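Every number here is computed from the coordinates shown, using simple stated rules; none is lab data. Values in this document were obtained by computation on a predicted structure and should not be read as measured data. All Cβ positions, glycine included, derive from the backbone under ideal geometry; neighbour counts span all protein chains shown.
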Amino acid sequence: MIDPRGQVAVLVPLLLAAVAAAAVGTRAADRGGNVPESLYQVVLAPPDFQRTTDDTHVFAASGVLQPHAQDTASLVLPKLSRIRVLLLGGGARWSFYSPGGGAILPGRTANHPGYEYAQANDGLALFTLENPDRGRWKVVIESRAETTLAYGVDISTDGPAEEAVHLELVEPGAKPSTSIVAQPDSPVFVRTFISRNGGPVPGASWDVRARTPRDSVVTIPVFDDGKHADGKAGDGVCVGAIVAERPDGFYQFRAEGRTRDGIQYLTTGLIEVQTRNDLLIADSIVVSPEVPRAGRPVTLTVTVMNDGTDEFKNVALQLYVDRVKQSEQKIDLKPRESLRIRTTWVPPRASRYAVQLTLNSYDEPYWSDFANNTRRATVRVGEGR
């Protein structure tokens, strides 16, 4: 028996993106959908046309119904061996009509070989259908509720398909992925295509949108003109771009592609915007003079760096000798700034000392790399003269 509750992760990203776009509307952020064309003067890693997926979405929709009202939708199915249809909406009654005149009435049509239906108690239901008719289907959603009803439907392949939809997020010099981590103010390229037989399917039109960390919705134009890091003009590979913006959070992408045959393919992607915060000591401790003497100043020099995107103030460079703190000096570091810092220490006697310099800031997040905040050295001090 199929369990509809196990399919929630499939439905929710697509429906939430659709509902968000409908509720908020689309408005291009300054550096969201409208990026300078000079940004596209890069060569990206090539698309992976050989990659296949058993989770290609061919239709998704959502809406709101008044009590006892109904809504209709139409969709075109390609040739598929099996589909999985996820339904959301307590109090909704569904009817699916095939191009050949057949009908699937979830919850009313009896299960039979090639068709299986299951329902959960939380307004979630699912059915699977083998070898669905190719062509245009009609869907009717009726409200049986006494109050306003929100509904959603997602149809995806449940096995191999002759075509697959792709959304790739690509940073310059990196491999494409459907989920990446980006720093604020970093460009990310959004690449969409439909693949078949190891190559792209030309002629699809695309609607790509993203909900931003600021909870707005932006539209990302994608191009197949050979001028936007998309390769050859008209080859079916489309590319757009977005510049990740603060605050830290997520860009949730929804890409809808329509083929010349009217098939609606959908897929999602995710960018996590994560400010990079990393204080570090970039090199080894340089000891001067080369042969230190007891009672005389010894200079310890290192390069400190803010390898991040935010400014750090009052960073402490701390000197420890034999695990005992000797001194501290405060430094301000702008993003990507490095400074050559000297610390002076007077060894009291001839000995072998374990010297440690550490950068310390209460503003550096706990997930940063703290191992590179410290440098150690052994200093051999001779008798004073």
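The local environment of residue 278, defined by Cβ-Cβ distances under 10 Å, has a net charge of -2 under the rule Lys, Arg +1 and Asp, Glu -1. Enter the angle in degrees (range 0 to 90, nearest 10) between the Cα long axis of helix 8-24 and the first principal axis of the Cα atoms of the chain, meaning the one along which they spread out most. So the helix axis and the longest Cα principal axis differ by about 90 degrees. Taking the Cα of residue 233, stepping 7 Å toward and past its beta carbon, and measuring to each backbone N in the range 173-216: which are under 17 Å? Correct set: 202-204.
Within the P(r) computed for the range 57-157, what percentage of the Cα pairs occupies the region above 16 Å? When all Cα pairs of the range 57-157 are counted, 54 percent exceed 16 Å. Taking the range 63-94 and a reference point 7 angstrom along Cα→Cβ of residue 140, the backbone N atoms nearer than 14 Å belong to 69-74, 93-94.
Treating only the Cβ of Lys, Arg, Asp and Glu as charged (+1, +1, -1, -1), what charge dipole size does the chain show about its Cα centre? Round to the nearest 20 debye.
On the way: 42 positive and 45 negative charges, 259 e Å.
Roughly 1240 debye for the chain.
Kindly state, to the nearest 0.05, the FRET efficiency for residue 34 paired with residue 380, given R0 = 51 Å and r defined as their beta-carbon distance. Don't jump to the answer; show the numbers that get you there.
Values: r = 62 Å, r/R0 = 1.21.
E(calc), rounded to 0.05, equals 0.25.
Annotation for the range 206-246 versus the range 108-180: alpha-carbon center distance of 25 Å. Sequentially through the range 110-120, phi angles give Karplus couplings (6.51, -1.76, 1.60; θ = phi - 60°) of 5, 4, 7, x, x, 9, 9, 10, 8, 9, 9 Hz, Gly and Pro residues having no value and appearing as x. Of the residues 136, 191, 375, which exhibits the maximal mean-square fluctuation in a Gaussian network model of the chain defined by a 10 Å Cα contact cut-off? The residue with the greatest mean-square fluctuation here is 375. Rounded to the nearest whole Hz, the Karplus-based 3J(HN,Hα) values (6.51 cos²θ - 1.76 cosθ + 1.60, θ = phi - 60°) of the range 137-148 follow the sequence 9, 10, 10, 10, 10, 10, 8, 10, 8, 8, 10, 4, with x at glycine and proline.
Note on residue 371 and residue 283: the model spin-label points, each 7 Å out from Cα along the C-beta direction, lie 2.3 nm apart. Full extension of the chain between residue 112 and residue 196 gives 27.1 nm of extra length, using 0.36 nm per residue less the Cα-Cα distance. Across all directions, the shadow cast by the convex hull of the chain built on its C-alpha atoms averages 25.6 square nanometres. Just so you know, the averaged projected area of the alpha carbon convex hull for the range 279-381 sits at 6.0 nm². Close amide H partners of residue 244, meaning residues 5 or more places away or on another chain with modelled amide H under 5 Å apart, are 185, 186, 188.
Only lysines eight or more places from residue 330 in sequence, or on another chain, were considered; those with a Cα closer than 17 Å are 313. How many nm is it between the label spots at residue 339 and residue 179, if each spot is 7 Å from the Cα in line with the beta carbon? Taking the two extended label points, one gets 4.0 nm.
Each label point was placed 7 Å from the Cα along the Cα-to-Cβ direction; for residue 214 and residue 294 their separation is 6.5 nm.
Using a Förster distance of 41 angstrom, determine the FRET efficiency expected from the C-beta separation of residue 41 and residue 248, and round it to 0.05. Let's see the in-between values first.
Numbers: r = 28 Å, r/R0 = 0.70.
Plugging the Cβ-Cβ distance into 1/(1 + (r/R0)^6) gives 0.90.
Run lengths n ≥ 4 of DSSP H only: what is the helix-derived mean residue ellipticity at 222 nm for the chain, with -39500 (n - 2.57) per run over all residues, to the nearest 500?
Working: 1 runs with 17 residues, N = 385.
Roughly -1500 deg cm²/dmol at 222 nm, from the helical runs in the chain.
Which order, highest average first, do 149-161, 204-216 follow once you tally other Cβ atoms within 10 Å for each residue and take the mean per peptide?
Answer by packing, highest mean first, reads 149-161, 204-216.
So how much slack lies between residue 93 and residue 332, counting 0.36 nm per residue of separation and subtracting their Cα-Cα distance, in nm? Can you show the working numbers first?
On the way: separation 239, 0.36 × 239 = 86.04 nm, distance 6.37 nm.
Between residue 93 and residue 332, full extension yields an extra 79.7 nm.
Extension gain for the segment residue 362 to residue 346, taken as residue separation times 0.36 nm less the Cα-Cα distance, is 2.9 nm to one decimal. Computed over the chain with a Gaussian network model linking Cα atoms closer than 10 Å, the most mobile of 185, 278, 332 is 332.
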